[in-house]
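K.L.:
I have a structure I would like to understand better, so I am pasting it below and will then ask my questions one at a time.
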Amino acid sequence: MISLRLVAGLIAWTILGHAVAQQAQERIYPAKPIRLVVTFPPGGSTDITARVLATRMSERLGQPVLIDNRPGAGGNIGLDIVAKALPDGYTIGIGAAGALAVNVSLYPKMPFDPVRDFAPVGMVAMIPFVLVAHPSIAAANLSELLAMAKAKPGSLSIGHGGNGTAMHLSAELLKQMAGIDLALIPYKGSGPASTDVMAEQIPLAISDIPASIAFIKSGRLRALGVTAGKRSAALPEVPTFAEAGIPGYESIGWFGVVAPAGTPVAVVNRLNAELQSALNDPEIRRRIIASGAEPLPGTPAEFRSMIESEIVKWAKVIKISGARID
């Protein structure tokens, strides 16, 4: 009969063996290519940034970082792949505010929990939005627009990039914080919304900066305010919503790198270190800014805190608005 002492010893040796094996794995990480799941299709600003970072991280890590584009369902499809992958650091993903903070309040059923099922690696960048108007509109700035909206509730409409998008929620937040009544018009992207403003089909749109900056610079669109907490490097002359009369307003798109929950801390820290090195490189920063985003380096703990706070923030906005995706 096997003694309890022998059994306890075998268990202890097994646990020790697993710990030693894990430490050895972490010391040699990475020993093979890393898969980077991107939750957007090729060609967009997030995908472009991901490819720039993957090239730099491949050089630093000594292994290829391979892009795997898995768009769809507001980012849920790609991040579900990451959530269910082995937590060994060889499958990681770039997720945005939608899938990591907004969808949990929009979708009746989620394939993953954005807090429980991921180990945040680090933020990558933020994307401010801009409120644009046709040059013929009587309001020269956001303060005058708010006065117009309050004087004639429901008389103004504002286009956005589609139900459930960050631009849609930015418009909802504008309505709620400013206490105004605007008709919200969904489009299949911010480009078509901006086009309809220029054609005077609608007076206003919330747009991402890359889709509208050329038209703002040429005078075909008037920029009334940016949604971020600080002015955009691409449009430094345009005030923020907070500066223009809505104190505390801030709404941005953002994206960052996550790994499956349970990924060893040493692996997460190694990935974060290489991510920070890339984001602090002047040439990479220049390329990210040129795509319409702004680099946002930080720690895994800071990224987790941001995800958690954004979930709470947008849950309130979505509940008041009644927005839902079935």
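Please treat every number below as a calculation from the coordinates, not as lab data. Just so you know, these numbers come straight off a predicted model, no measurement behind them. Note that each Cβ is placed from the backbone with ideal geometry, even for glycine, and that neighbours are counted across all protein chains shown.
K.L.:
Quick one: which residues, 5+ away or cross-chain, put their amide H under 5 Å from the amide H of A261? H built at 1.01 Å from N.
P.N.:
HN-HN under 5 Å from A261: F118, A119.
K.L.:
While we're on this one: Please find the FRET efficiency linking D68 to S321, where r is the Cβ-Cβ separation and R0 is fixed at 41 Å, and quote it to the nearest 0.05.
P.N.:
Numbers: r = 34 Å, r/R0 = 0.82.
The calculated FRET efficiency here is 0.75.
K.L.:
Against the 2.2 N^0.38 Å scaling, with N counting residues, where does the range 44-87 land? I'd like the Cα-based Rg ratio to two decimal places. Walk me through the numbers on the way to the answer.
P.N.:
Details: Rg = 12.0 Å, N = 44, 2.2 N^0.38 = 9.3 Å.
It is 1.29.
K.L.:
Can you compute 3J(HN,Hα) from phi for each residue in the range 65-70, using the Karplus curve 6.51 cos²θ - 1.76 cosθ + 1.60 with θ = phi - 60°, rounded to whole Hz and x for Gly and Pro?
P.N.:
Karplus values, whole Hz, x for Gly and Pro: 9, 9, 6, 10, 6, 9.
K.L.:
Right, another one. Given a cut-off of 26 Å, what percent of all Cα-Cα pairs of the range 197-326 lie beyond it?
P.N.:
Counting pairs separated by more than 26 Å, the tail of P(r) holds 40 percent.
K.L.:
When the C-alpha atoms of the range 180-273 are aligned to their principal axes, what extent does each axis show, in angstrom, from largest down?
P.N.:
54, 30, 30
K.L.:
Tell me the net charge near I81. Cut-off is 14 Å between Cβ atoms, I81 excluded, with +1 for each Lys or Arg and -1 for each Asp or Glu.
P.N.:
Result for the local shell: 0.
K.L.:
Amide H to amide H, which residues 5 or more places from L204 or on other chains are under 5 Å from it, using H placed in the peptide plane?
P.N.:
Here S157, G159 satisfy the definition.
K.L.:
May I have the pair-distance distribution P(r) for the range 128-226, computed from all Cα-Cα distances with 10 Å bins from 0 and rounded to whole percent?
P.N.:
Pairs per bin, as whole percents: 18, 56, 25, 0.
K.L.:
Per DSSP H run of n ≥ 4, the term is -39500 (n - 2.57); total these for the chain, divide by its residue number, and report the mean residue ellipticity at 222 nm rounded to 500 deg cm²/dmol.
P.N.:
Working: 11 runs with 142 residues, N = 326.
It comes out at -14000 deg cm²/dmol, rounded to the nearest 500.
K.L.:
Counting only Cα atoms, I'd like the Rg/Rh figure for the chain, Kirkwood definition for Rh. Don't jump to the answer; show the numbers that get you there.
P.N.:
On the way: Rg = 22.7 Å, Rh = 21.2 Å.
With Rh from the inverse mean 1/r over Cα pairs, Rg/Rh is 1.07.
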